[in-house]
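The values are calculated or read from the model by the stated rules, or taken from the named source; none is laboratory data. Please read all numbers here as calculations on a predicted model, not as lab measurements. Don't worry about glycine lacking a Cβ; one is built from the backbone with ideal geometry, like all the others, and counts go over all protein chains shown. These area figures cover heavy atoms from the full protein model, side chains too; ligands, DNA and RNA do not enter into them. Shrake-Rupley method; radii C 1.70, N 1.55, O 1.52, S 1.80 Å.
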Amino acid sequence: KTIGAIVSYVVTKHMRERIRGYLLSVKVFKGIEYSMEKDPVKFSLIIRIMILPIFVKNYGLAIPKSVNFKLYMVCELITNIPITIAYIYILRQAGNMHSLFDPNQSWQQMTFSLTMLTLSIALFVYIAIVTREVLKQLETMQAEDAKAMAKDMEIGEQEEAEEKNGEASPSKNIELKE
């Protein structure tokens with residue numbers, strides 16, 4: 001599993017820019033990447049803990065520039081053993097979903113199964129909420145940038161019009177007086 005993660009990182013690292021070029025057109029990817037830049041450790045660990053296909057975790061975490069190889073491997077090693085144990089247990093239980101509510105089942109087994117299921121759903125919802133908030137922030141920043149660019153263009157057009165009409169701008173008047 002760890003060797004596969006290393007290979008995934010190395011392969012993705014060499015194609016990172018091409019992949020990022022394709023993914024930057026997707027709003028959700030922009031939000032996730034922005035979140036990863038803000039706190040790469042937290043989001044790397046959360047993504048590693050989530051119940052997602054391994055290839056999504058391995059290749060997906062290698063794409064953002066904020067995740068270097070050291071962080072990638074530390075998160076892989078921290079989450080590898082506990083998550084593998086939890087996956088095995090959950091998948092064993094999922095094979096017998098009716099056994100979750102079996103009255104003969106111990107309360108510890110039922111509690112653990114329901115806790116892991118709830119934790120997975122909660123992490124997914126958390127990532128979705130954070131991504132939505134980040135996307136709103138990005139949209140606000142883009143709108144502000146667009147307004148600033150429009151204002152700059154308007155000022156530039158006014159200065160050009162004044163120059164064509166032979167009027168000097170206030171800053172040029174100051175220079176002429178000196």
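Assorted remarks:
- Residues satisfying the stated conditions in region 45-60, i.e. more than 14 Å from residue 83 (Cα to Cα) and without any contact (Cβ under 8 Å) to a residue 40 or more places away in the chain: 56, 60
- Taken as a whole, the condition of being surrounded by 13 or more Cβ atoms within 10 Å (Cβ to Cβ) and either free of Cβ contacts under 8 Å to residues at least 12 places away in the same chain or farther than 17 Å from residue 129 by Cα (or both) applies to residue 13.
- Identity of the residue in region 53-66, surrounded by fewer than 14 Cβ atoms within 10 Å (Cβ to Cβ) and of a type outside the set (Lys, Arg), that ends up farthest from residue 120 (Cα to Cα): 55
- Among residues of region 117-143 that are touching a residue at least 24 places away in the same chain (Cβ under 8 Å), those with a beta-carbon under 8 Å from a residue that is polar (S, T, N, Q) and surrounded by 14 or more Cβ atoms within 10 Å (Cβ to Cβ) at least six positions away or on a different chain give the pairs 130/35; 131/35; 134/35.
- Residue pairs whose Cβ atoms lie under 9 Å apart, sitting 6 or more positions apart in sequence or on different chains, and linking a residue in region 16-29 that is modelled with pLDDT of 75 or more to a partner that is β-branched (Val, Ile, Thr) and open to solvent by less than 60 Å² (accessible area, probe 1.4 Å), are 16/63; 19/12; 19/63; 20/63; 23/63; 29/63.
- Scanning region 24-51 for residues that are outside any helix (DSSP H, G or I) and surrounded by fewer than 14 Cβ atoms within 10 Å (Cβ to Cβ) turns up 24, 25, 26, 39.
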